[in-house]
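Taking it in order: structure first as structure tokens, then the write-up.
The values are calculated or read from the model by the stated rules, or taken from the named source; none is laboratory data. Bear in mind the structure is a predicted one, so any value in this text is a computation, not a measurement. Glycine also receives a Cβ, built like all others from the backbone with ideal geometry; neighbour counts cover every protein chain displayed.
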Amino acid sequence: MEPVKLYESPRERRKFDDLGDLYALIKTTEKLEKAYARDAIVPEDYERACLRLISQFKTSESALLRDGTITSTDEFMREYKMDCPRARERLLRIGVPATILHQSAGNADAADSAVRVAECVQHFITAMDALKLEQRAVDEVQPLVSDLVNSLSRVPNARVETGREKLADWLVHTFPESEPVQLNAMRAAEEISDDQARQLLFDLDAAYSEFHRSLRSNDDGGSRSPHKQ
């Protein structure tokens, strides 16, 4: 019996290599999610691995969509009978690790707490400045919102549940308005509208004010809360 050749040119070989990479990323994410659910991996290792897989998946998916190799990841998974519900949820709907959306800040000493507060303030300022400078592309806006939500979850004793949930909604929920937004489900080259940017900026400012008030109420003479800029 002669072996079946999947490709007859370097271009076709590259195509199947790229499809194999996408398949492997989805399968690996499914196994990682199962391991996390079973408490077989510590949260820090899970988050680090998950962030890397999400980034690699987005890069691979974008390239395959752009050159027409696949029409959608959902269709790809159906064609190859991939039973990976956890990976589909993480990669296609949510787009951030479970630890980012459901993480408590835990214990931290005063020095570490001050560092986390400073980092969070910087994420707020960076995101708001980007929108004021009219950055609208998803690959510009989504990482800023994702980093901010992650950073907020790491600040001890910061009571910003309302603001944090609002910002997380921009990542994983489809809004009911006429122009639905779900940054993690949008393609990198897509852009949010000026109205959406204005609403996001409003939500960022509201979350920042809540964050600022929370730090002031918790201030007992240790690390001082940042001045709003």
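Yes or no, residue by residue, for (1) exposed (fewer than 13 other Cβ atoms within 10 Å of the Cβ); (2) among the charged types (D, E, K, R); (3) out of contact with any Cys (no Cβ under 7 Å at 6 or more places or on another chain); (4) not in a helix (DSSP H, G or I):
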site	(1), (2), (3), (4)
Glu8	yes, yes, yes, yes
Arg13	no, yes, yes, no
Asp21	no, yes, yes, no
Leu25	no, no, yes, no
Glu30	no, yes, no, no
Can you name the residue in segment 134-152 that is among the charged types (D, E, K, R) and not in a helix (DSSP H, G or I) and, of all such residues, is surrounded by the fewest Cβ atoms within 10 Å (Cβ to Cβ)? Glu134
With the requirement that a residue be part of a loop (DSSP other than H, G, I, E, B) and in contact with a Ser or Thr (Cβ under 9 Å, 6 or more places away or on another chain), what does segment 153-174 give you? Ser153, Val155, Pro156, Asn157, Ala158, Arg159, Val160
Name the residues in segment 60-77 that are among the hydroxyl-bearing types (Ser, Thr, Tyr) and loosely packed, with under 13 Cβ neighbours inside 10 Å, would you? Thr71, Ser72
Look at Thr162 and say whether it is farther than 26 Å from Glu30 by Cα, β-branched (Val, Ile, Thr) and modelled with pLDDT of 85 or more. no
Tabulated pairs, segment 127-142, first free of Cβ contacts under 8 Å to residues at least 24 places away in the same chain, second part of a helix (DSSP H, G or I), C-beta under 6 angstrom, 6+ apart or interchain: Ala130/Leu144
Looking for whichever is touching a residue at least 60 places away in the same chain (Cβ under 8 Å) and within 29 Å of Ser193 (Cα to Cα) here; the options are Arg90, Arg52. Which one fits? Arg90
Cβ contacts < 7 Å: first residue at pLDDT below 80, restricted to segment 3-28; second residue surrounded by 12 or more Cβ atoms within 10 Å (Cβ to Cβ) and assigned to a helix (DSSP H, G or I), any location; separation 6+ or different chain. Result? Leu6/Phe16; Tyr7/Arg13; Tyr7/Phe16
Considering only residues of segment 66-96 that are assigned to a loop (DSSP other than H, G, I, E, B) and modelled with pLDDT under 85, which is nearest to Ser153 (Cα to Cα)? Val96
